[in-house]
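What follows is one structure encoded as structure tokens, with my remarks underneath.
The values are calculated or read from the model by the stated rules, or taken from the named source; none is laboratory data. If you're wondering where the values come from, they're calculated on a predicted model, not measured in any experiment. Don't worry about glycine lacking a Cβ; one is built from the backbone with ideal geometry, like all the others, and counts go over all protein chains shown. Note: areas computed on protein heavy atoms with side chains; ligands, DNA, RNA excluded. Shrake-Rupley method; radii C 1.70, N 1.55, O 1.52, S 1.80 Å.
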2 protein chains.
Amino acid sequence: MLHLILADSELERMPPEIAVDKAIRWSARRRGRKPTELILDSSFHYRAMRRLPGKERRGRPDIVHLCLLLALDSPLNLEGLLRTYVHTREDRVITVDPSTNLPRAYRRFEGLMEQLFMTGEVPPERPLLRLEESSLAKLIKRIGPRKTIALSEKGERKGLDELFEGVSVRDEVCTIVGGFPHGEFISDVEELADEIVSIYEKPLTAPAVLIRVISSYERRFGVV
Amino acid sequence: MLHLILADSELERMPPEIAVDKAIRWSARRRGRKPTELILDSSFHYRAMRRLPGKERRGRPDIVHLCLLLALDSPLNLEGLLRTYVHTREDRVITVDPSTNLPRAYRRFEGLMEQLFMTGEVPPERPLLRLEESSLAKLIKRIGPRKTIALSEKGERKGLDELFEGVSVRDEVCTIVGGFPHGEFISDVEELADEIVSIYEKPLTAPAVLIRVISSYERRFGVV
């Protein structure tokens with residue numbers, strides 16, 4: 001089984017220090033939410049975000065959306081061999097049920113995330129996404145993997161075919177991919193991972209890394 | 001070189017027969033466009049689409065968006081070994097410059113597509129996307145590939161590693177992936193392709209197929 005963690009993801013609610021911004025209050029009113037109930041999105045809130053520390057990487061729910069669509073639609077997931085988690089910069093963890101049929105339209109995904117951060121689970125009738133407070137260390141402890149591999153530009157260069165060498169399909173293997181646009185992990189990944197691996201000499205986007213990790217595991221075990 | 005065509009993609013402008021719908025006219029006014037200048041999107045226009053033939057598959061610019069992001073961000077594209085094209089249900093072709101930095105926010109992508117369908121090329125200062133009238137047959141003729149492979153659930157089952165067997169990196173190879181949510185190709189793919197291949201026994205989404213084709217080519221030639 002492959003456990004895939006999108007770590008330090010830039011998914012969070014509107015930070016209180018910028019929730020007083022006029023444009024933010026206006027857009028909250030239009031959506032029928034309190035400003036602090038909105039999900040921070042740099043493509044809409046860039047003006048208010050000028051004052052925010054780490055503004056050049058924060059507010060990227062689109063990365064989470066794209067990564068979850070790719071993970072859930074993968075043959076590996078269809079075969080029941082993938083478990084997917086989103087860990088955020090504020091140490092929250094979303095556990096994603098493999099049968100989740102995620103909204104493909106970004107606006108609907110955004111609405112779903114607002115609801116998830118308000119109620120802790122969605123959809124109400126049969127919860128498929130659950131949100132809880134948890135550090136990356138705590139999540140990995142809960143999974144209890146035989147091996148944990150983090151993907152990072154700064155890791156040891158390896159071919160994709162070597163990534164899961166020596167791993168059996170019955171092993172619980174955990175892979176960590178950064179859910180942020182650039183920069184470093186915030187969590188102490190060096191401490192938590194058994195191996196840090198780089199699959200390409202240039203920086204890659206989170207979805208580009210994630211899908212190659214899944215695809216590599218699929219090939220290793222003859223799924224595709 | 002790998003030429004990747006997203007074929008019969010469900011990307012089109014608002015069909016005139018539903019452009020008179022009240023909600024459509026309203027949303028056009030809000031965007032400062034004529035109703036027929038909007039891009040059809042089933043997640044926003046589903047009510048008006050009730051009357052549209054083929055309504056269960058049309059209006060999916062989100063598929064094009066996701067596929068283009070994945071193609072452009074791939075190591076294969078970064079190495080200059082990928083050319084990407086979008087062919088639409090109405091026989092238009094978008095030729096995508098490999099250096100295109102596509103908007104990640106769906107709303108901005110939608111705006112870009114509106115502009116592209118109005119002017120034939122975007123962005124104005126240095127066109128990276130060009131739109132023209134062309135059938136799939138004409139596009140393939142223009143590429144002049146040594147081999148054309150179409151991916152389809154109905155094709156001959158092959159492993160991903162066999163997909164580019166016997167192909168050299170100097171060959172122009174063309175792969176066709178359907179840019180629609182379900183159903184069959186509209187274009188006569190059986191006539192146009194040398195091979196029709198299925199990579200998995202169950203239906204897969206367009207992005208799931210496309211990224212595995214790219215990743216298979218990358219591995220074949222040691223890019224990743």
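Set side by side, the residues B:Glu153, B:Glu132, B:Glu114 differ, and just one is in contact with a strand residue (DSSP E or B) (Cβ under 8 Å, 6 or more places away or on another chain) and assigned to a helix (DSSP H, G or I), which is B:Glu114. Can you confirm whether the stretch B:208-223 contains a residue that is open to solvent by 30 Å² or more (accessible area, probe 1.4 Å), at positive phi and either of a type outside the set (Phe, Trp, Tyr) or away from chain A (no Cβ under 14 Å) (or both)? Looking for residues that are open to solvent by 30 Å² or more (accessible area, probe 1.4 Å), at positive phi and either of a type outside the set (Phe, Trp, Tyr) or away from chain A (no Cβ under 14 Å) (or both), one finds at least one in the stretch B:208-223, hence yes.
Being open to solvent by less than 20 Å² (accessible area, probe 1.4 Å) and touching a helix residue (DSSP H, G or I) at 6+ places or on another chain (Cβ under 6 Å) is the requirement here; does B:Val122 meet it? So B:Val122 passes the test.
Would you pick out the residues in the stretch B:117-129 that are part of a helix (DSSP H, G or I) and in contact with an Asp or Glu (Cβ under 8 Å, 6 or more places away or on another chain)? Once the filter is applied, which keeps residues that are part of a helix (DSSP H, G or I) and in contact with an Asp or Glu (Cβ under 8 Å, 6 or more places away or on another chain), the stretch B:117-129 yields B:Phe117, B:Met118.
When each of A:Glu156, A:Glu201, A:Glu195 is tested for being surrounded by fewer than 21 Cβ atoms within 10 Å (Cβ to Cβ), within 14 Å of chain B (Cβ to nearest Cβ) and in contact (Cβ under 8 Å) with a residue 40 or more places away in the chain, the lone residue that passes is A:Glu201. Here B:Gly222 passes the criteria (1) without any contact (Cβ under 8 Å) to a residue 24 or more places away in the chain; (2) part of a helix (DSSP H, G or I) except the one numbered (2). Just wondering, is there one or more residues in the stretch A:142-150 that are more than 14 Å from chain B (Cβ to nearest Cβ), basic (Lys, Arg), surrounded by fewer than 20 Cβ atoms within 10 Å (Cβ to Cβ) and part of a helix (DSSP H, G or I)? For the stretch A:142-150, residues more than 14 Å from chain B (Cβ to nearest Cβ), basic (Lys, Arg), surrounded by fewer than 20 Cβ atoms within 10 Å (Cβ to Cβ) and part of a helix (DSSP H, G or I): present.
Each row is one residue, and each column tells you yes or no for (1) crowded, with 19+ Cβ neighbours inside 10 Å; (2) in contact with a Cys (Cβ under 9 Å, 6 or more places away or on another chain); (3) of a type in the set (Phe, Trp, Tyr).
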| site | (1), (2), (3) |
| --- | --- |
| A:Val86 | yes, yes, no |
| A:Thr100 | no, no, no |
| A:Pro127 | no, no, no |
| A:Glu133 | no, no, no |
| A:Ile140 | yes, yes, no |
| A:Leu160 | yes, no, no |
| A:Arg170 | no, no, no |
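Residue-by-condition table, conditions (1) within 28 Å of A:Ser42 (Cα to Cα); (2) touching a Phe, Trp or Tyr at 6+ places or on another chain (Cβ under 6 Å):
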{"site": "B:Arg31", "(1), (2)": "yes, no"}
{"site": "B:Asp41", "(1), (2)": "yes, no"}
{"site": "B:His65", "(1), (2)": "yes, yes"}
{"site": "B:Asp73", "(1), (2)": "yes, no"}
{"site": "B:Asp91", "(1), (2)": "no, no"}
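Look at the stretch A:77-91: where a residue is more than 13 Å from chain B (Cβ to nearest Cβ) and among the aromatic types (Phe, Trp, Tyr) and a partner is crowded, with 24+ Cβ neighbours inside 10 Å and assigned to a strand (DSSP E or B), sitting 6+ places away or on another chain with Cβ atoms under 6 Å, you get A:Tyr85/A:Ile5.
Within the stretch A:1-57, being within 30 Å of A:Val173 (Cβ to Cβ), in contact with an Asp or Glu (Cβ under 7 Å, 6 or more places away or on another chain) and more than 14 Å from chain B (Cβ to nearest Cβ) holds for A:Met1, A:His3, A:Glu12.
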